[in-house]
Amino acid sequence: MIKNKPRNDMRQKRHRRIRKNLIGTPVRPRLSVFRSSKNVYAQLIDDVNGVTLASASSVEKDSKLSNGGNVEGAKAVGTLIAERGLKLDVKNVIFDRSGYLYHGRIKALAEAARAAGLEF
C-alpha cells in the first residue's frame, strides 16, 4: 500500500531544492514568504551576511487586520514589506516562495509588493 507523505513535508522538500539556487545579497536580498493557516509572514534576507534586513507579518500590533490568513492580509503584508525595503534603499529582490504554489495568498503578496515598488 502506498502511503502519501504529508503536504508540509513535500513543501519543505521543494523549498530545499529551490534554495540551492536562490542566494540573497546585500544589494539584492531574498524576499522569503511563509504562510500558516492563520497568518502570512515575509522577510528580506541577506544570505551572504546571514541577517534579516526587514520583516513584516499579519501578526504585528500596528496591523489592523481582523484576519491575517486571507488574501487581503497577504496584500497588506506585501505592501508593508515593500515600504520597509524601500526605506532601506532595496528596490530589487529575489522572490522565494518557500515551496508554496504561486497562487492565492503568495501571489497576492507578490503582486502587492510589486505594486508598492519592489522589482522581481
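Please work out the FRET efficiency for the pair ARG114 and VAL48, using the Cβ-Cβ distance as r and a Förster radius of 25 Å; give the result to the nearest 0.05. Working shown, then result.
Values: r = 24 Å, r/R0 = 0.97.
Efficiency at R0 = 25 Å is approximately 0.55.
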(request) Kindly write out, for the stretch 105-111 in residue order, the coupling ³J(HN,Hα) from the Karplus curve 6.51 cos²θ - 1.76 cosθ + 1.60 (θ = phi - 60°), rounded to whole Hz, with x marking Gly and Pro. (result) 5, 5, 5, 5, 5, 5, 5
(request) Calculate the translational D of the chain in whole µm² s⁻¹ from Stokes-Einstein, where the hydrodynamic radius comes from the Kirkwood formula applied to all Cα pairs, the temperature is 10 °C and the viscosity 1.306 mPa s. (result) 109 µm²/s
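Mind listing which GluC sites (Glu not before Pro) in the stretch 16-84 are in a DSSP loop and have 16 or fewer other Cβ atoms within 10 Å?
Numbers: sites: GLU60, GLU72, GLU83; in loops: GLU60.
Here the sparse-neighbourhood loop sites are GLU60.
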(request) Taking all pairs of distinct Cα atoms, average 1/r, flip it, and tell me the Kirkwood hydrodynamic radius of the stretch 46-90 in Å to one decimal place. (result) 11.5 Å
(request) Could you name the lysines whose alpha carbon sits less than 21 Å from that of LYS91, not counting residues in the same chain fewer than 8 places away? (result) LYS75, LYS107
(message) Just to check I understand the Karplus step: with θ = phi - 60° and J = 6.51 cos²θ - 1.76 cosθ + 1.60, what whole-Hz values come out for the stretch 9-17, glycine and proline as x?
(response) 5, 5, 5, 5, 5, 4, 5, 4, 5
(message) Output wanted: per-residue J couplings in Hz (rounded whole) for the stretch 69-75, from phi through Karplus 6.51 cos²θ - 1.76 cosθ + 1.60, θ = phi - 60°, x for Gly and Pro.
(response) x, 10, 5, 5, x, 5, 5
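On average over all directions, what projected area in square nanometres does the stretch 71-120 have, based on the convex hull of its Cα atoms? It would help to have the intermediate numbers written out before the result.
Details: hull surface 12.2 nm².
The Cα convex hull of the stretch 71-120, projected and averaged over all directions, gives 3.0 nm².
Read-outs: derived from the displayed coordinates by stated rules, not from any lab. Remember, it's a predicted structure, so these values are computed and weren't measured experimentally. Glycine also receives a Cβ, built like all others from the backbone with ideal geometry; neighbour counts cover every protein chain displayed.
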